[in-house]
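What follows is a short report on a single structure.
Nothing in this text is a laboratory measurement; each read-out follows from the coordinates by a stated rule. Note that this is a predicted model, so its numbers are computed, not measured. All Cβ positions, glycine included, derive from the backbone under ideal geometry; neighbour counts span all protein chains shown.
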Amino acid sequence: MTLATLCMLLAALVGAAPAAAHHTGVYTPRDNAITTNFKQLKFSAQAGKFDVARRLFDEGPLRAEMRARVAVLPAGLEARTRAALEAGRAAELERALMIFFVALARDLAVEAERQLATAAPTPATGQRFLEAIWRYYNLVDFVVGQRDARASASMRLAFEDAESAVKDPARLPGAFHRIAEVLGRMLENAVN
Amino acid sequence: MTPPPATWRLPPRATLLVAVVLLVAAEVGGASMARFKVELARWARGEMLRHPGVHGLVGVRDVDERVLDEALFRFDAGLRLFHMHAEGMALVIIATTTVAATLAETAGLRRMLTLLLTVGGVGYPLGYLLWSVLIPAWGVERSKSLVEWTVWVPFGSATIVALLGLLALISIRMVRR
């Protein structure tokens with residue numbers, strides 16, 4: 001091996017070493033069991049495979065979550081979802097799932113407001129609640145927008161306001177209160 | 001000035017031993033990661049749940065599961081990075097200390113380069129292992145900051161300084177030849 005080759009190899013090594021110190025990987029958030037099950041249901045129904053969708057609903061975590069939250073969800077939501085699957089009515093199924101995810105997002109906003117009002121609000125906590133709310137709401141925003149464009153716009157404005165409030169944690173409880181209100185109204189309109 | 005020797009000279013046996021031990025640790029670490037994947041994840045998750053404040057857990061599953069998932073991802077990444085860096089740095093130690101032993105003319109320079117390359121090369125990958133071990137109880141960012149300043153920066157700098165020295169040494173030999 002010549003000295004010139006050695007020199008080039010070492011130069012490459014020196015160049016690579018500092019960059020390696022900060023290389024710790026990139027995290028990409030994954031779907032949880034409920035959002036995964038939702039996507040399975042949605043795509044099965046869109047493909048017209050309602051028998052598959054029904055099985056995925058019967059055995060999946062989404063239905064288990066509906067049952068666990070039966071006290072706070074609109075009455076008969078599980079039965080309505082099951083009936084839509086039985087009848088192969090995609091629009092009804094879409095509506096039932098929209099109600100479910102809007103309710104999940106609303107409950108998170110209520111919990112965020114409660115926690116941030118009782119303890120000293122921190123930007124990290126506010127940000128994490130916002131991410132969790134958006135993860136659920138984002139799944140049904142398109143359906144919400146199709147049914148009520150103003151409600152969808154209100155939610156987006158409330159969410160953007162809360163995102164800006166993360167930098168000013170004292171505003172966070174109020175921002176989550178507004179999100180909970182918007183989602184609550186959305187839920188009432190969807191159920192009635 | 002004496003011409004470079006026609007044959008390669010071996011670095012000190014202690015350096016070779018340390019490099020091989022690092023290589024063994026890398027392989028054992030990699031094998032253990034595969035064999036005890038579930039147990040390691042379970043332990044890390046349990047420790048994280050024992051330190052909710054450190055990870056900013058709020059007691060709401062929909063919020064906490066993502067925090068835990070990211071911390072577990074970092075924990076696993078630290079172990080993987082230890083495995084890969086330990087494998088790589090063990091070979092770097094052997095290669096670079098061989099060059100130092102062959103080309104450095106004075107015993108002092110040879111010793112200094114060998115010491116920096118060996119210590120830096122062994123210490124740096126261990127930082128990733130330490131980071132992983134600390135994540136469950138210290139949190140991702142706090143443990144990373146600690147390891148960065150106590151392990152990665154000092155040991156990584158030792159390697160970089162030694163490599164620059166080696167680069168200068170080879171360049172001087174090329175110019176003088």
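State the answer as a single residue: which of A:VAL110, A:GLY174, A:GLN146 lies farthest towards the positive end of the charge dipole of the stretch A:32-191, with beta carbon charges of +1 for Lys and Arg and -1 for Asp and Glu, about the Cα centre.
Selected residue: A:GLN146.
Could you work out the pair-distance distribution P(r) of chain A from its alpha-carbon pairs, with 10 angstrom bin width and percents rounded to whole numbers?
Cα pair-distance distribution for chain A, in percent: 8, 29, 27, 15, 8, 7, 5, 1, 0.
Per 0.36 nm of contour for each residue apart, how much would the distance between A:ALA79 and A:LYS39 grow if the chain were fully extended, relative to their Cα-Cα spacing? Let's see the in-between values first.
Values: separation 40, 0.36 × 40 = 14.40 nm, distance 1.96 nm.
My answer for the length gained is 12.4 nm.
When chain B is modelled as a GNM with alpha-carbon springs shorter than 10 Å, which of B:ALA44, B:ALA34, B:ALA77 fluctuates the most?
Highest fluctuation of the listed residues: B:ALA34.
Could you state the angle between the C-alpha long axis of helix B:153-176 and the longest principal axis of the C-alpha atoms of chain B, as a value from 0 to 90 degrees rounded to the nearest 10?
Taking the Cα atoms of chain B, the angle to B:153-176 is about 20 degrees.
Taking the Cα atoms only, what angle lies between the long axis of helix B:107-138 and the longest principal axis of chain B, rounded to 10 degrees?
Value to nearest ten degrees: 10.
If r is the Cβ-Cβ distance from B:MET112 to B:ARG80 and R0 is 41 Å, what FRET efficiency results, to the nearest 0.05?
Efficiency, rounded to the nearest 0.05: 0.80.
Cross-link candidates for A:LYS49: which aspartates and glutamates have Cα within less than 12 Å, leaving aside residues fewer than 8 places away along the same chain?
Filter leaves A:GLU86.
Arrange B:THR97, A:THR36, A:THR118 by Cβ neighbour counts within 10 Å, fewest through most, would you?
A:THR118, A:THR36, B:THR97
Over all pairs of distinct alpha carbons, what does the Kirkwood formula give as the hydrodynamic radius of the stretch B:36-177, in Å?
So the Kirkwood estimate lands at 17.1 Å.
Please rank A:ASP161, A:ASP58, fewest neighbouring Cβ atoms within 10 Å first, as an exposure proxy.
By the 10 Å Cβ count, ascending: A:ASP58, A:ASP161.
If you line up the long axis of helix B:37-50 against the longest principal axis of chain B, both from Cα atoms, how many degrees apart are they, to the nearest 10?
Once rounded, one gets 60 degrees.
Residues of B:146-155, mean number of Cβ from any other protein chain within 10 Å of their own Cβ, rounded to a whole number?
The shielding value for this peptide is 1.
Once you put a point 7 Å from the Cα of A:GLU92 and another 7 Å from the Cα of B:LYS37, both along the Cβ direction, what distance in nm separates them?
Computed distance between label sites A:GLU92 and B:LYS37 equals 4.3 nm.
In which sequence would B:VAL133, B:VAL67, B:VAL20, B:VAL38 go, from the one with the fewest C-beta neighbours within 10 Å to the one with the most?
Starting with the residue having the fewest Cβ neighbours, the order is B:VAL38, B:VAL20, B:VAL133, B:VAL67.
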